[in-house]
Amino acid sequence: MNKKAPAVNRRDFLKKSTAIGVGATAAPGQDRGGARAGEIRFDQVADVVIAGAGAAGLPAAIMARNQGASVIVIDANHDIGGHAMLSGGRIPLGGGTSLQKKYGIADSADQVYLDPTNHRNPEFRHADRDLVRVWADENVATFEFLIENGVVFNDEPPSIVNGGGPIWAIFDSDAVKREGWDPNPPNVDPRGWFFAAETITELAGKIVNQYQSQPIAAGVLETTVAKYNSFVEVQKDSDFGKPMPKYPIKSPPFYAAWSTPILHDTLTGLKINRKCQVIDVHGQVIPGLYCAGESAGGFALHGFPRVTVFGRIAGREAASV
Ligand SMILES: Cc1cc2nc3c(=O)[nH]c(=O)nc-3n(C[C@H](O)[C@H](O)[C@H](O)COP(=O)(O)OP(=O)(O)OC[C@H]3O[C@@H](n4cnc5c(N)ncnc54)[C@H](O)[C@@H]3O)c2cc1C
């Protein structure tokens, strides 16, 4: 499917391509045929090129292939799946899906449209109505598309809670000295987001936060810190493979800082239209460039319902040019 061709420049690359999920146009790993070190060569041609093999990029690729287009999917990671691989897997699509019908749940695209456009809903009330409308209209088709492509929806209610956090960064006074930090207000917020104590046991008991669903057991924190310190001793993190764990956590006072390293939603991104074409600062369509997923703006709905719907649309539209 991927025809070999002479080197393609960046402008040609964009003439008919889809940028999904990340909006990137570079193709790492395609450097061949004598390219100089650091130089990126575009020497593969396909009808649709997708940057990012995640929850938006993969539906886009399937849609484009279903339309007969040749497709290249590139990903910066060593594996495909993106954030979707870590997710809880909940995909709240509606509008009258086969599963809703099975359980006698009355729903419609119009009903789906009303939720995110309700003026009482502060998260969505400024959403681009065009995008919300096309999203509502494509809910059912996307749900059935996911089933057709092997996504299994359990009949039971979800039993898991979201595992995204909170996560606490634990460190000691040596780290504070080493980094030159000042762990006092206003640099830190002791009202639930930052704690200090003379012992690890005491620290565990102090960690109280509205999003901390259960207390941190002192024994668990002590064991975890001791284990981490043992990794420092042998210079090998056998839990997570952190390269060269350098410093033990041993000198009081000890600290716990709220840490949110996982980005769930970007809530902003490139401006797109109903076809997922990217719009420039003058309000004009950029020919050949499409965007979906977390890198698309205009509609800050969380997760899969938005990214899979617009991924499908982007792949379909890019392949139809
Ligand atoms: C812990 C967690 C739990 C979640 N649970 C749910 C849930 O239950 N339900 C729900 O609806 N949503 C959930 N989400 C959100 C959902 O996973 C994301 O909204 C969705 O994966 C976003 O799709 P995406 O295609 O935009 O990005 P991703 O799925 O992250 O895919 C983006 C891809 O682009 C690649 N990439 C990045 N930069 C480049 C580059 N420069 N060049 C090439 N490739 C690049 C990445 O490696 C990645 O593979 C969860 C998210 C997290 C983190």
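The figures follow:
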read-out: Long-range HN-HN contacts of Tyr290 with modeled amide H, under 5 Å; value: Ala19, Val278
read-out: Nearest-0.05 FRET efficiency for Glu222 and Gln100, computed from C-beta distance (R0 51 Å); value: 0.55
read-out: Beta bridge orientation in the chain: antiparallel %, DSSP, nearest 5; value: 75 percent
read-out: Extension gain (nm, one decimal) between Thr268 and Ile40, 0.36 nm per residue minus Cα-Cα; value: 79.2 nm
read-out: Most mobile of Met63, Met85, Met244 in a GNM of the chain (Cα contacts under 10 Å); value: Met244
read-out: GNM result for the chain, Cα springs below 10 Å: residue of Asp239, Asp107, Asp137 fluctuating most strongly; value: Asp239
read-out: Protection proxy ranking, peptides 228-234, 37-43, 202-208, average beta carbon neighbours within 10 Å, highest first; value: 202-208, 228-234, 37-43
read-out: Projected-area mean, the chain, by convex hull of Cα positions, square nanometres; value: 22.0 nm²
read-out: Lysine pairs meeting the criterion (Cα under 14 Å, 8 or more apart or interchain), as found in region 218-304; value: 5
read-out: Simple Cβ-charge dipole of the chain, Lys/Arg +1 and Asp/Glu -1, about Cα centre, in debye nearest 20; value: 920 debye
read-out: Distance-filtered residues of region 238-253 - backbone nitrogen under 16 Å, label point 7 angstrom along Thr201 Cα→Cβ; value: 252
read-out: Positive-end residue of Leu267, Ser230, Ala69, charge dipole of the chain with Cβ unit charges; value: Ala69
read-out: Amide hydrogen neighbours beyond the local backbone of Val45, cut-off 5 Å, H modeled; value: Lys3, Ala5
read-out: Virtual paramagnetic centre 7 Å along Cα→Cβ of Asn66, amide N under 17 Å, in region 109-139; value: 135-139
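Every number in this text was worked out from the coordinates using simple rules, so none of it is lab data. Treat the numbers as computed from the prediction; the structure is a model and nothing was measured. Using ideal geometry, Cβ is built from the backbone for each residue, glycine included, and neighbour counts are taken over all protein chains shown.
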